[in-house]
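The values are calculated or read from the model by the stated rules, or taken from the named source; none is laboratory data. Every value quoted in this text rests on a predicted model; they were computed, and no experiment measured them. With ideal geometry, Cβ positions are generated from the backbone for all residues, glycine too; neighbour counts draw on all protein chains shown. Note: accessible area is taken over every heavy atom of the protein model, side chains too, but ligands, DNA and RNA are not part of it. Shrake-Rupley method; radii C 1.70, N 1.55, O 1.52, S 1.80 Å.
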Amino acid sequence: MRLAERCAARLSGRSEPKTRARAIAVKGQRYTSVAAVRQGLVACKCYVADSVDCLSPSDSVSLAGLGAARQESRSLRLGHGNSIMETRCGVRRKGVGQVRMYYVMSRVCRYLRVSIGPLVMRCSSLVRARFAGITGLLSSLSSLAVLAPAQTPLERGLEQSWTHLGGSARRASFVSFPAPPSTVPSWAATHDINNDPIAFIGQAPLAVYAGSNVSNGRVFAAGRVDVFPSPPNPYRLYAFDRSTGATVWQSPIAFPRSNSFSAPAIDEHNSTVLYCSGPQVQAFYIADGALAWSATLNRNIVNASPLIVSDSSGRTRVFITDYDGFGNSSRIYCINADVFDAQRNAWAPGEVVWSAAIGAGSGNSVSYLPPERGGQGLVFVPTIAASNSGSVPVPGQIYAFPLESVGTGVPVWTFSNLINEGYFGGLCVVPAPTGSAPDVPPVIFAASYAFDGGTDTANLVKLNARTGELFWSVPCNRTSSIPVPLPAGFIALAGGIDGLFGSVSQVQLFQDSGFAGSLAWDTTGVLRVGGWANQPILTRFGGRNLLAAGSPPAQMWGFSSSLYLLDLSKRPPQPGFVVREYLGVGGSPAMVGSSLYCIGTLGLVAFGPTPDDLDVDRSGVVDIRDLYAWEAAGTHGDVNRDGGIDFLDREELMTALRGGDSVSMIGESR
């Protein structure tokens with residue numbers, strides 16, 4: 001008789017049947033007694049473990065590395081209602097609202113995944129799991145539920161903070177949630193703590209901390225009070241509440257030189273947010289805006305945004321470049337962001353670990369691919385040129401430096417552009433497709449800026465991230481924007497500048513055929529959208545790929561007035577190409593879950609459900625209980641703020657709870 005059948009019979013008190021084991025329902029409640037476990041009711045919502053050995057009902061759970069597992073988000077995240085158990089022999093069963101236990105002869109697969117709630121318990125390292133009874137597994141899960149403190153979905157669940165320019169360290173600029181269906185703002189932030197009007201840096205991107213609960217999510221933006229006292233008002237970094245748009249704190253930052261529009265970056269490991277302006281790199285505590293540390297560089301920072309790498313415990317590093325647009329004195333800096341430790345980290349916060357000369361640079365943000373995505377411990381930085389006099393065009397450079405360099409960094413490889421045009425922005429790093437052979441490398445996409453000519457005088461390149469080898473180069477519009485990689489081998493790019501030497505603001509779509517690239521279409525003559533300073537983002541959900549891109553401002557450093565959501569499965573002239581238009585905004589947007597944030601003529605504006613809207617049961621966290629509360633016809637069920645409580649609100653709530661399922665299933669993340 002099958003082992004699983006005997007276990008099911010033992011749990012139910014019946015004689016052992018000769019039919020397939022019945023499913024054991026696992027509910028999203030917290031139970032601590034073995035008796036409750038034996039009834040099939042186990043609490044393992046929102047917990048993660050490195051390994052679980054299930055040899056007998058008395059076995060305990062190994063919680064070694066639990067903190068690290070949470071910190072690095074190594075668990076597979078699935079939404080409520082999707083429950084999976086995978087075995088080494090390839091058995092894969094999916095249930096709705098429950099976990100189904102299936103027969104395993106001797107041992108489970110390398111990763112036994114049991115999902116209940118927004119997080120997953122991950123049982124790794126080829127555990128010897130001879131189920132003397134399913135009660136052994138359930139008892140272990142119950143022990144885990146008792147020992148591990150809960151985490152909220154907002155902290156390590158479905159929503160991910162928008163931590164960098166481009167969303168993450170590899171700057172891929174995408175979310176796996178739908179864009180907000182409503183074009184009515186949830187809130188607009190326009191004034192500071194003293195109720196003075198804020199003049200935001202119009203084209204500066206944002207950073208968004210998802211929060212560990214409903215009340216402490218934050219949106220970060222730079223600007224200054226729009227009045228002119230004596231002395232002049234300083235620039236500040238502002239923190240706004242994700243639910244209300246209220247200003248939580250404001251802290252002075254160095255004066256941004258040359259109209260710099262750098263993006264903030266979030267160091268979740270140390271609970272700080274960083275801003276780079278003037279020659280300063282400043283880190284502020286997310287909670288109250290107090291200065292955590294600062295560093296002063298050799299030169300000013302112009303348009304470059306910081307990179308934060310927290311792969312090594314206790315050795316968080318910040319990477320930034322300074323400005324020398326017409327010379328050869330720009331440098332890349334690696335700055336320590338963690339506390340001093342004589343054994344692991346011999347640098348104080350804000351101390352430069354290493355730096356290297358990169359020639360001429362402006363707006364060059366550093367990118368990184370984590371090891372779990374195929375990275376090899378390299379950071380990548382594009383530059384204007386090895387040296388730039390301004391009189392003779394020279395090719396731009398892309399460097400790959402070892403993360404753990406010491407003293408003066410030496411690049412592992414260097415790429416010189418095929419044309420005499422440089423790079424004035426960042427680049428994105430794309431991992432090899434899931435399941436690829438080991439010799440399939442990650443790739444880099446980067447676009448150059450040309451100071452004359454029309455819409456095809458710059459170029460978009462694709463490189464081997466391991467070697468710097470060129471796969472292809474194709475003409476594109478001038479830009480400092482980072483290319484946005486899409487599924488099925490496409491790349492979107494915002495570029496151009498209106499009325500300057502034949503250029504025009506546009507979005508271009510390119511097709512990557514492996515060793516060749518080609519232009520598929522552009523928006524010229526159809527829609528005024530994109531531009532050299534706009535960083536679009538991709539929303540991937542329900543089989544649709546939609547690009548959120550802003551209209552160029554009326555003045556060079558002004559505010560945009562429209563953000564367009566474009567259906568990339570259609571060509572610009574086709575009906576339905578513009579899915580919707582969000583008015584009063586249009587700068588480089590950011591998204592966390594289905595909430596979209598953007599700066600424009602209306603100020604800093606949020607669209608979509610706020611954390612407070614999703615917290616239907618008013619518990620302070622967003623989880624499956626909010627769906628239960630909505631079904632119970634609670635008074636806070638108008639999730640989408642349309643004035644009524646109906647199925648549309650339920651869909652909005654379900655999207656928030658389950659929006660990350662498809663990405664989690666394939667191991668994809670920003």
note = segment 632-657 and segment 178-216 have their Cα centres apart by a whole-number Å value of 22 Å
task = Using a 1.4 angstrom probe, figure out how much accessible area segment 442-536 has per residue, in square angstrom, rounded to the nearest whole.
result = 31 Å²
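In terms of solvent-accessible area of protein heavy atoms at a 1.4 angstrom probe, what is the ranking of 528, 540, highest value first?
528, 540
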ask   = Largest first, how would 585, 412 line up by accessible area (1.4 Å probe)?
value = 412, 585
note = Label model pair residue 456, residue 246: point-to-point distance (7 angstrom along the Cα→beta-carbon line) in nm is 5.6 nm
query = With every protein chain left in place, what is the accessible area of residue 257 in Å² (1.4 Å probe, nearest 10)?
reply = 110 Å²
note = The percentage of the accessible area of segment 271-330 (probe 1.4 Å, all protein chains present) made up of carbon and sulfur atoms, to the nearest whole number, is 42 percent
query = On full extension of the chain, what length is gained from residue 404 through residue 571, given 0.36 nm per residue of separation minus the C-alpha to C-alpha distance?
reply = 55.6 nm
query = Under a point-charge model restricted to the Cβ atoms of Lys and Arg (+1) and Asp and Glu (-1), what is the dipole moment magnitude of segment 572-658 relative to its Cα centre, in debye to the nearest 20?
reply = 300 debye
key: Calculated FRET efficiency for the pair residue 647/residue 259, C-beta based, R₀ 45 Å, to 0.05   = 0.45
query = What FRET efficiency comes out for the pair residue 557/residue 490, r = Cβ-Cβ distance, R0 = 25 Å, nearest 0.05?
reply = 0.20
task = Express in whole angstrom the spacing between the alpha-carbon centres of segment 542-603 and segment 238-283.
result = 23 Å
key: Accessible area per residue in Å² at 1.4 Å probe, computed on segment 385-433   = 41 Å²
ask   = Round to a whole number: what % of the accessible area of segment 197-249 belongs to carbon and sulfur, probe 1.4 Å?
value = 55 percent
task = Please arrange 631, 581, 421 by accessible surface area, largest first, computed with a 1.4 Å probe and ligands excluded.
result = 631, 581, 421
remark   = Row for segment 334-475, column shape: gyration tensor on C-alpha, a ≥ b ≥ c, rounded if a/c < 1.5 i.e. under 1.5, prolate if a/b over b/c, else oblate; value oblate
task = Could you list which residues have their amide H under 5 Å from that of residue 471, counting only those 5 or more apart in sequence or on another chain, with H placed in the peptide plane?
result = 462, 463, 464
Local electrostatic count, residue 193, Cβ distance below 15 Å [Lys/Arg +1, Asp/Glu -1] = -2
key: With every protein chain in place, segment 421-501: carbon and sulfur % of accessible area (1.4 Å)   = 61 percent
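May I ask you to give the solvent-accessible area per residue for segment 163-213, in square angstrom, as obtained with a 1.4 angstrom probe?
Averaged over the residues of segment 163-213, the accessible area is 28 Å².
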task = Scan around residue 379 for amide H atoms under 5 Å from its own, H built in the peptide plane at 1.01 Å from N, and keep only partners 5 or more places away or cross-chain.
result = 401, 403
remark   = Here, residue 418 and residue 196, labelled 7 Å along Cα→Cβ, have an inter-label distance in nm of 5.3 nm
